[in-house]
Amino acid sequence: MISNDKTPLSPNGQFAEVNGLKMYYEIHGTGAPLVLIHGGGSTLYTTFGKILPLLAETYQVIGVELQAHGHTSDRDAPESFEQDADDVAELLKQLNISGVSIFGFSNGGNTAMQIAIRHPQLVKKLILASAFYKREGMFPGFWDFMHNACLDNMPKIYQDEFLKINNNPAALQTMHDKDLQRMLTFQD
């Protein structure tokens, strides 16, 4: 169910009830639909803020924030790329939008791949940046680092932007921990 709740950060911000989440999204521009999916620990604007206005000159940009990220609520369940894909697909269904191009950055790229696998009827094109589909595709030492990752390792800009939107350090820690667990349990 779409609602017209507005975020104080953007006049384009809206929320939809999606699979137990209050999912945040923004729509900018006109033209062919282009869905933007941010990376792990990030928000729509920390990943795409500088290019979103440029993309909106040519496309109808639908920018989303995934479970526990930015403005979007959390659910009492782990994060997964598959669930994120189902959440984005449900949002697009509610918006009556299909035949989309999807631009996914980092973990957003993994979500974009899952949308194409799980909901191929929605996808026209995939644009993937800094995404992986096999554990062995990561740079040496990545998985060892992930086993010792903590909130202090998270880029400060991501922490600061999260807290500007949701001034709840416990929610930031939860998002970090869920992102970390998703990475540690990633299967090719």
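The values are calculated or read from the model by the stated rules, or taken from the named source; none is laboratory data. Every value quoted in this text rests on a predicted model; they were computed, and no experiment measured them. Using ideal geometry, Cβ is built from the backbone for each residue, glycine included, and neighbour counts are taken over all protein chains shown.
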Please work out which one of (1) touching a Pro at 6+ places or on another chain (Cβ under 8 Å); (2) crowded, with 18+ Cβ neighbours inside 10 Å; (3) farther than 26 Å from Q187 by Cβ; (4) not basic (K, R) is the condition S101 fails and give its number. (2)
I'm checking my understanding of the structure. Among residues of segment 49-78 that are of a type in the set (D, E) and over 11 Å from the mean Cα position of the chain (by Cα), which one is surrounded by the fewest Cβ atoms within 10 Å (Cβ to Cβ)? D76
When segment 22-50 is examined, which residues are found to be of a type in the set (K, R) and either part of a strand (DSSP E or B) or in contact (Cβ under 8 Å) with a residue 40 or more places away in the chain (or both)? K22
Answer yes or no as to whether P11 is over 28 Å from A170 (Cβ atoms) and either surrounded by fewer than 22 Cβ atoms within 10 Å (Cβ to Cβ) or in contact with a Cys (Cβ under 9 Å, 6 or more places away or on another chain) (or both). yes
Can you confirm whether P155 is loosely packed, with under 12 Cβ neighbours inside 10 Å and closer than 23 Å to F48 by Cα? yes
Can you tell me which condition L44 does not meet? The list is (1) modelled with pLDDT of 95 or more; (2) more than 14 Å from I102 (Cα to Cα); (3) touching an Asp or Glu at 6+ places or on another chain (Cβ under 7 Å), and all the others hold. (2)
Here is a check on your reading of the model: is E26 modelled with pLDDT of 95 or more, among the acidic types (D, E), surrounded by 19 or more Cβ atoms within 10 Å (Cβ to Cβ) and touching an Asp or Glu at 6+ places or on another chain (Cβ under 7 Å)? no
Taking segment 128-140 and keeping residues surrounded by 15 or more Cβ atoms within 10 Å (Cβ to Cβ) and modelled with pLDDT of 95 or more leaves L128
Of the residues in segment 104-122 that are over 18 Å from H38 (Cβ atoms) and under 18 Å from the mean Cα position of the chain (by Cα), the one that is surrounded by the most Cβ atoms within 10 Å (Cβ to Cβ) is L122
Answer residue from segment 152-176, given it is free of Cβ contacts under 8 Å to residues at least 24 places away in the same chain and of a type in the set (D, E) and is nearest to Q67 (Cα to Cα) among those: D160
